[in-house]
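The values are calculated or read from the model by the stated rules, or taken from the named source; none is laboratory data. Predicted model only: the values in this text are computed from it and were never measured. Every residue, glycine as well, gets a Cβ built from its backbone with ideal geometry; the counts of neighbours run over all protein chains shown. Ligands, DNA and RNA are stripped out before the accessible areas are found, and what is left, the full protein with its side chains, is counted by its heavy atoms. Shrake-Rupley method; radii C 1.70, N 1.55, O 1.52, S 1.80 Å.
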Amino acid sequence: MNSTVQTNTTLNDNTTGGTESSAAKQYLIDVRSPQEFASGHIEGSLNVPLQMIFAVANSDIQPQDNLVVYCASGMRASQAVQVLESMGYRNIVNAGTVSAASDYISR
């Protein structure tokens, strides 16, 4: 986990932060606030605060892509997963906390 932020990676219409695996890409999505994200995050993750999760639909992230979602305690990640599923995304892992997400992607 980065303790300092090199760049504040945020979701926008030109998102390219995924890693390709066949046709689907993988995205690590941090749904904490920009301030929390700035205090430390997993390298390569996108900051999409929970209240902005609907922005995923207007980005390069496709419904077939693999999404790993995390936050501070897991509660916002759970809410984000529900919203993403309602928008048609199906390949979602709720990694829970920053620490658990870090462990998950290290496997």
Filtered residue count, segment 49-79, keeping only those that are more than 15 Å from Ala101 (Cα to Cα) and within 11 Å of the chain's Cα centre (by Cα): 5
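For Tyr89, indicate whether it is open to solvent by less than 30 Å² (accessible area, probe 1.4 Å), closer than 16 Å to Leu46 by Cα, at pLDDT 95 or above and not acidic (Asp, Glu).
Criteria not met by Tyr89.
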Yes/no for Val83 being of a type in the set (A, V, I, L, M, F, W, C), modelled with pLDDT under 95 and either part of a helix (DSSP H, G or I) or closer than 19 Å to Ser99 by Cα (or both): no
Scope segment 80-107; condition under 13 Å from the mean Cα position of the chain (by Cα) and at positive phi; matching residues: Gly96
Residue within segment 13-28 that is within 15 Å of Ala101 (Cβ to Cβ), of a type in the set (A, V, I, L, M) and modelled with pLDDT of 95 or more present: yes
From Tyr70, Tyr104, residue being part of a strand (DSSP E or B) and surrounded by 14 or more Cβ atoms within 10 Å (Cβ to Cβ): Tyr70
Single residue of Gln51, Gln62 found to be out of contact with any strand residue (DSSP E or B) (no Cβ under 6 Å at 6 or more places or on another chain), at pLDDT 95 or above and assigned to a helix (DSSP H, G or I): Gln51
Index of the failed condition, Met75 passing every other in (1) free of Cβ contacts under 8 Å to residues at least 60 places away in the same chain; (2) buried (at least 16 other Cβ atoms within 10 Å of the Cβ); (3) of a type outside the set (Gly, Ala, Ser); (4) out of contact with any Gly (no Cβ under 7 Å at 6 or more places or on another chain): (2)
